[in-house]
Amino acid sequence: MIHLRKIRKKYQMGSRQVTVLRNIDLSVSGGDFLAIMGPSGSGKSTLLHILGCLDRPTSGTYCLNGKNVFEASDKQLSRFRAAHIGFVFQNFHLIPVLNVFENIELPFLYAHTDMQQPEMRQKVAEVIRQVGLADRVNHRPSELSGGEMQRVAIARAMVMKPEIILADEPTGNLDSKTGREILALFHTFHDAGGTIIMITHDREVASHAGKCIQMKDGNIFV
Amino acid sequence: MFDYFKIYIILKTSFRSLLQHKLRSALSIIGIICGTMAVLTMLSIGEGARQKIISQIGQLGIRNIFIKSIPLTEVQKQKASEHLSPGLNADDAVRIIKGIPYVRTAACVKEVKAAVFSAGAELSPQILQTSPEYADVLNLSVQHGRFISETDMIQKNPICIIGAGLAENMGVEGNIGRTLRIENRVLSIIGILNPFYREREGNTSISVRNYNEIIFIPPDILDTENDLTEIVVQIKETEQVIISGKIIKRIMEVAHHQVEDYQIIIPREILRQAQKTRRTFSMFLSAVAGISLLVGGIGIMNIMLAGVSERTKEIGIRRAVGATKKDIIFQFLAESVILTSLGGSAGILLGAAAAKCLSAVADWDTVITFFSVFLPLLMSVFIGVFFGLYPAWQAACMDPVTALRNE
């Protein structure tokens, strides 16, 4: 499903060049639950952004479902993200002026589906029930606890029924009990056949994943 | 395809973002409010002035040319007699009718100063000695009876026609068949004019007589030796008015031996002047509106740029969730257009109020038309798009990854 070949990523930081990723080769099959571990600055997040089509590598190829992603235009990548990829971030990244329902509804605004409004609302309501926030629908993010915010973020990532969820330290800002609840939601998605790629610092969290890779200085160690 | 659901969500989100900073949003649209207010007020003043002059000129008659005698100073009188100028007289009218093929008809008018009595009471209307053509040329009509006829002129009938207001003041004595006395002549009333709506005096050179307080009498009833006060010439077609005016000027110059004891007034010429003035006024208005809206627009751009940099993270989130650059542009444009059209609407309301106040307090004529509401509204929307485009473009071009890292 996902094939990365010789992915390199360099940043220009003022006058010096920083190489964040060197020669990354990685394959992920559909239905995998992959954890990426490694110290800060090892390039995990950059790799995740590239996997999520938010960023482009300096060189190398990225095949997703047999298509070379980086031949696509910015618009096509955006559409692709909307329909096939869900993001979950360490800092939740919810839009503060929107309530729970509206935050979760957001992907529908950008995915070009033939779905009618009642159907969309039904899907949003369904995913809200799945993450157990039915009584929080009209709350703004500022009125929620960390765990609740992350559940909103997961609901937003799952609402379009994407093939892949990319999570960047989803439990990093949560206590271990809440973290386990979040991981349980990931398992539900995984059990339904979804692919998850998750960055984490925590060995225990990583142990939930089927596979685990280690990164250091822009390289992968298995 | 137009997706109303999406538009609804975008508008709703935009409104919320603007409400997050109520004071800031309100302050940023003051420029737009002032600009649209100025445009609407000035448009309605211009329109009011235009309608007034058109209606005044309409009462004078667009095909008419007025030749008025001017009261002369002693020195001028001296000169006039040296040059043997006869003063404005009936011969001038004959010369004009015979000399210009475009002339349809002409009426001579003489103002008579005399005391008027009705049932013992003294009245002070204006007395005009004139011919039957006058009613036709100035489009006057009677509500009862008739106007002066050719027969009245030939037979020198002792009759008069009175204005509606005068008739009302005179009560029973103001009916047809009653009589009134001018100096020592008793005249019977044979006609009462229709009530006349008179525009307030604006420009003295085109003042209209008050036909409500007037008495018309045929010539040669009273002994008067004065010159004519006025000759009104009516031209057959509107297009011939200007050229006829030039010929009349020449005829009069010759007849009066270059003495300017008369003045030629051409309503059509005045209308053209007014239109020219209006064009100048419109240009001035556009400049004022342009400047204030430009300043207002820059204010909007400033606030939108601040909004974009504050909401960098939100832009990153939207991009991650699947928004294209176009979606981001549309989101921010929606916000700036909402902002400016709110300002525009407020400006229109204030401008309409200002126009009404000017009418009430300063006694100016203001007329609010569809155009004078629509133009400033359209301008405010256009400004929202124009000045919102750069900030929106900046938002769209942000790198999603950098935007997401922004805290």
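The values are calculated or read from the model by the stated rules, or taken from the named source; none is laboratory data. Given the structure is predicted, the values throughout are model-derived calculations rather than measurements. Here the Cβ is made from the backbone with ideal geometry for all residues, glycine too, and neighbour counts use every protein chain on show. For accessibility, only protein heavy atoms count, side chains too; no ligands or nucleic acids. Shrake-Rupley method; radii C 1.70, N 1.55, O 1.52, S 1.80 Å.
Overview of values
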| item | result |
| --- | --- |
| Candidate set from the range A:10-24 (those that are in a strand (DSSP E or B) and without any contact (Cβ under 8 Å) to a residue 60 or more places away in the chain); member that is most open to solvent (accessible area, probe 1.4 Å) | A:R16 |
| Residue identified as in contact (Cβ under 8 Å) with a residue 40 or more places away in the chain, in a helix (DSSP H, G or I) and not β-branched (V, I, T) among B:L389, B:L349, B:L378 | B:L389 |
| Scan of the range A:139-152 for residues that are more than 20 Å from the chain's Cα centre (by Cα) and away from every other protein chain (no Cβ under 14 Å), ordered by number | A:H139, A:E143, A:L144, A:S145 |
| Given (1) more than 14 Å from chain B (Cβ to nearest Cβ); (2) surrounded by fewer than 21 Cβ atoms within 10 Å (Cβ to Cβ); (3) in contact with a Phe, Trp or Tyr (Cβ under 9 Å, 6 or more places away or on another chain), index of the condition A:G38 fails | (2) |
| In the range B:86-96, residue farthest from B:H256 (Cα to Cα) [restricted to those that are open to solvent by less than 20 Å² (accessible area, probe 1.4 Å) and out of contact with any helix residue (DSSP H, G or I) (no Cβ under 7 Å at 6 or more places or on another chain)] | B:A93 |
| Strands (runs of 3 or more DSSP E) enclosed by the range B:112-198 - at least 3 residues per element that are open to solvent by 10 Å² or more (accessible area, probe 1.4 Å) and either under 21 Å from B:V208 (Cα atoms) or of a type outside the set (S, T, N, Q) (or both) | B:121-123, B:142-145, B:185-193 |
| Residue check, B:F382 under 20 Å from the mean Cα position of the chain (by Cα) and open to solvent by 50 Å² or more (accessible area, probe 1.4 Å) | no |
| Condition check for A:I85: surrounded by 17 or more Cβ atoms within 10 Å (Cβ to Cβ), closer than 25 Å to A:L51 by Cβ and more than 10 Å from chain B (Cβ to nearest Cβ) | no |
| Flag for B:Q78 being open to solvent by 20 Å² or more (accessible area, probe 1.4 Å) and part of a helix (DSSP H, G or I) | yes |
| Complete set of residues in the range B:299-317 that are surrounded by fewer than 20 Cβ atoms within 10 Å (Cβ to Cβ) and within 14 Å of chain A (Cβ to nearest Cβ) | B:E310, B:T312, B:K313 |
| Qualifying residues in the range A:89-138 (those that are within 16 Å of the chain's Cα centre (by Cα) and more than 10 Å from chain B (Cβ to nearest Cβ)) - the one most open to solvent (accessible area, probe 1.4 Å) | A:Q90 |
| All positions within the range B:8-33 that are of a type in the set (D, E, K, R) and within 10 Å of chain A (Cβ to nearest Cβ) | B:K12, B:R16 |
| Qualifying positions in the range B:323-342 - of a type in the set (G, A, S) and away from chain A (no Cβ under 12 Å) | B:A334, B:S336, B:S341 |
| Failed item, numbered, when B:A320 is tested on (1) more than 14 Å from every other protein chain (Cβ to nearest Cβ); (2) small (G, A, S); (3) touching a residue at least 12 places away in the same chain (Cβ under 8 Å) | (1) |
| A:A155, sole failed condition from (1) out of contact with any helix residue (DSSP H, G or I) (no Cβ under 8 Å at 6 or more places or on another chain); (2) crowded, with 16+ Cβ neighbours inside 10 Å; (3) more than 10 Å from every other protein chain (Cβ to nearest Cβ) | (1) |
